[in-house]
Amino acid sequence: MQALLEARGFRAVPLEATPDVVVINTCTVTARAELSDRRAIRRAARLSPGGRVVVTGCWAQTNGAEVAALGGVDLVVGNADKPRLPELLADLLTGDRAAPRVAVSDLAGARLEPVASGPRTDGRSRAFVKVQDGCQHRCAFCIVPFARGASRSLDPKLLEDQVRGLVEAGHPEILLTGVDLGHYGADLLPRTDLAALLGRLAAIDGLRWLRLSSLLPAYFSEPLLELLTASPVIAPHFHVPLQSGSDRILRSMRRPYTTAMYRRVVERLAGAIPRLGLGADVIVGFPGEAAADFAATLGLVETLPFSYLHVFPYSTRRGTEAAVLPGRVEAGVVAERARRLRQAAARKSRAFREAMVGRVEDVLVLARGDRREGDLVGLTGNYIEVAFPGPEDLRRRVARVLVTDARGERARGMLDETLAG
Ligand code: SF4
């Protein structure tokens with residue numbers, strides 16, 4: 001959106017600089033996200049009383065009328081309408097400040113517009129490339145398919161050009177994102193898939209790491225597994241959402257896999273990739289989750305080699321199937337289960353990081369450093385943050401770092417001088 005608007009002569013300024021227009025990109029994934037959306041809108045209206053407030057994103061898409069009815073909102077723009085933002089803004093700025101306008105189109109048949117492919121100017125080390133949007137699934141707890149529509153992918157040639165441009169502009173790592181990333185290519189003509197895309201991108205000269213955002217276990221096909229476990233460019237870190245270790249709950253969540261399938265994928269990855277970074281999301285307290293279901297989740301987590309977990313206490317999302325399911329789990333029980341799972345995850349994470357001590361690793365030095373110590377901070381291929389002293393010109397480059405300590409939140413290390421450069 002920023003690139004689109006800048007191409008039309010708009011310039012981004014901080015909110016405190018009383019802008020003419022404030023664009024708020026909302027999230028609707030949880031009730032808490034909506035709360036912070038509301039807060040952001042109120043803050044914009046307060047700090048920029050003469051400016052026009054434009055609200056877009058997933059909350060605008062799913063609840064356009066509700067958003068328009070909030071005081072201070074001038075324009076509501078749906079997700080498929082974002083490419084029209086420059087025209088919509090031009091109209092808004094020339095018209096009277098009357099009732100809020102709503103430009104929210106139906107997502108059926110929406111296309112995915114490529115984002116401006118020029119190098120990012122934000123100085124980040126890693127570049128994010130969205131290859132797919134929308135979701136083919138209907139998980140019972142999730143509002144995303146209503147906010148993003150059906151799965152749609154970008155053309156592989158276009159993505160290859162975009163990634164090459166980003167690597168040439170100095171991004172050693174590319175993170176591929178998508179809501180239903182594993183579905184990549186199934187909507188394209190000719191049909192293609194994620195394995196084919198990764199094969200193509202991994203061959204780009206100068207790319208150190210190609211990292212995947214989140215991938216459902218059902219998408220790990222044999223060709224994909226072969227590529228992921230063999231390519232030195234694919235980061236040895238996968239985020240494979242689990243949500244529950246109970247098959248009964250997975251069915252009720254309408255997740256498209258079983259625990260056996262999950263275990264098979266993880267064991268295959270971990271067997272082939274030493275020191276695999278493995279993350280997962282887990283929901284605790286989904287309606288109907290009995291003590292035995294939670295015990296199954298905890299048991300699965302204990303036996304698989306997770307390096308980190310994101311634990312989410314279940315919260316009801318209006319408009320989803322799960323919102324009307326019976327078997328609410330009492331809040332205190334949910335909190336206790338979340339605590340126990342987080343504790344188990346912290347133990348595993350610590351053991352994982354301690355196993356890295358004494359190793360020399362390629363580390364992508366991030367643009368932001370450690371504020372307190374003034375050290376550089378980098379990310380290993382398997383997604384561990386390491387802080388170490390080093391020269392400023394290493395920022396955004398790949399360094400060789402000896403990991404010396406993993407006791408704190410962030411591992412510590414020192415430059416491996418013998419191999420530096
Ligand atoms: S896979 Fe399920 S949880 Fe993920 S976006 Fe699609 S519907 Fe939501």
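Summing Lys and Arg as +1 and Asp and Glu as -1 over all other residues whose Cβ lies under 14 Å from the Cβ of VAL55 gives a net charge of +2.
When Rg and the Kirkwood Rh are both derived from Cα coordinates, the Rg/Rh ratio for region 174-230 amounts to 0.94. The tail of the calculated P(r) for region 289-331, taken as Cα-Cα distances beyond 14 Å, holds 63 percent of the pairs. For SER214, SER151, SER221, the sequence from fewest to most other C-beta atoms within 10 Å is SER221, SER214, SER151. Working note: Debye formula, equal point scatterers on the alpha-carbon atoms of region 347-421, no solvent; log10 I(q)/I(0) at q = 0.12, 0.15, 0.26 Å⁻¹ is -0.27, -0.42, -1.23. For the chain, the Cys residues with no second cysteine's beta carbon closer than 4.7 Å are CYS27, CYS58, CYS135. Based on a Kirkwood Rh over C-alpha pairs, give the Stokes-Einstein translational diffusion coefficient of region 2-103 at 20 °C and viscosity 1.002 mPa s in µm²/s. The diffusion coefficient I find is 158 µm²/s. In the chain the Cα-Cα distances spread across 20 Å bins starting at 0 as 23, 55, 22, 0 percent of all pairs. Within the chain, what percent of beta bridges assigned by DSSP are antiparallel, to the nearest 5? Given both bridge residues lie in the chain, the antiparallel proportion sits at roughly 35 percent.
For region 271-391, the average shadow cast by the Cα convex hull is 10.7 nm², which is a quarter of the hull's surface. Dividing the convex hull volume of the alpha carbon atoms of region 96-232 by its residue count gives 154 Å³ per residue. Ranked by the mean number of other Cβ atoms within 10 Å of their residues, highest first, the peptides 396-403, 330-337 fall in the order 396-403, 330-337.
With contributions of -39500 (n - 2.57) from each DSSP H run of at least four residues, the per-residue ellipticity at 222 nm computed over the chain stands at -9500 deg cm²/dmol. Computed over region 163-298, the P(r) tail beyond 17 angstrom holds 63 percent of alpha carbon pairs.
For GLU34, GLU168, which order do you get if you count the other beta carbons within 10 Å of each Cβ and list the fewest first?
With the fewest neighbours first, GLU34, GLU168 line up as GLU168, GLU34.
Each of LEU15, LEU207 was scored by other Cβ atoms within 10 Å of its Cβ. Listed from fewest to most, they are LEU15, LEU207.
No lab work stands behind these numbers, since they all come straight from the coordinates. Quick caveat: nothing in here was measured; it's all calculated off a predicted structure. Heads up, the Cβs are rebuilt from the backbone with ideal geometry, glycines too, and the neighbour counts pull from every protein chain shown.
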